[in-house]
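Contents: one structure, followed by commentary.
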Amino acid sequence: IEDAAIERILAITAGHPHDTQELAHFVWDRGVRLGKLVTSSDVEVALLDVVQAEDAHYTTLWDSLSRAQRAVVQALVVEPTTSPFSEAFR
């Protein structure tokens, strides 16, 4: 696996242990399946595979949110912040 691919995994997951492990698993599996050195572009493909694999989980999670919680999530997508409860974010 290329160093750039590892850096990309960590950038995507922000170092979150579960997310890092899951994405790395999909990346590793892709490398083994294709029998090649894994690159950053393979990480992007593996990320799509993770999203597809977790679709039911994400849907269930979204469906469990209240209307207000969904609005906050949608606002964070449009304008990411580390302080979603700050006055400036409102």
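Students often get this wrong, so try it: which of (1) 43, 25, 19; (2) 28, 27, 21; (3) 49, 28, 20 is Cα extents along the principal axes in Å as calculated from the structure shown?
Looking at Cα extents along the principal axes in Å for this model, the match is (3).
Taking the Cβ of Phe26 as the center, what net charge do the other residues with Cβ under 13 Å away carry, scoring Lys and Arg +1 and Asp and Glu -1?
Working: positive: Arg8, Arg30, Arg33; negative: Asp19, Glu22, Asp29, Asp42, Glu44, Asp49, Glu54.
Net charge around Phe26: -4.
Which of Ile9, Ile1 has the fewest other C-beta atoms within 10 Å, and how do the rest follow up to the most?
Numbers: Ile9 23, Ile1 15.
Arranged by neighbour count, lowest to highest, Ile9, Ile1 become Ile1, Ile9.
Please tell me the relative contact order of the chain in percent, rounded to the nearest whole number, where contacts are Cα pairs under 8 Å and at least six residues apart.
Result for the chain is 25 percent.
Counting Lys +1, Arg +1, Asp -1, Glu -1, what net charge surrounds Asp55 among other residues with beta carbon under 13 Å of its beta carbon?
Numbers: positive: none; negative: Asp49, Glu54, Asp63.
Net of charged neighbours comes to -3.
Computed from the coordinates by the stated procedures, all read-outs in this text should not be read as laboratory data. Keep in mind that this is a model prediction, so the values were computed, not measured. Note: ideal-geometry Cβ built from the backbone for every residue, glycine included; neighbour counts use all protein chains shown.
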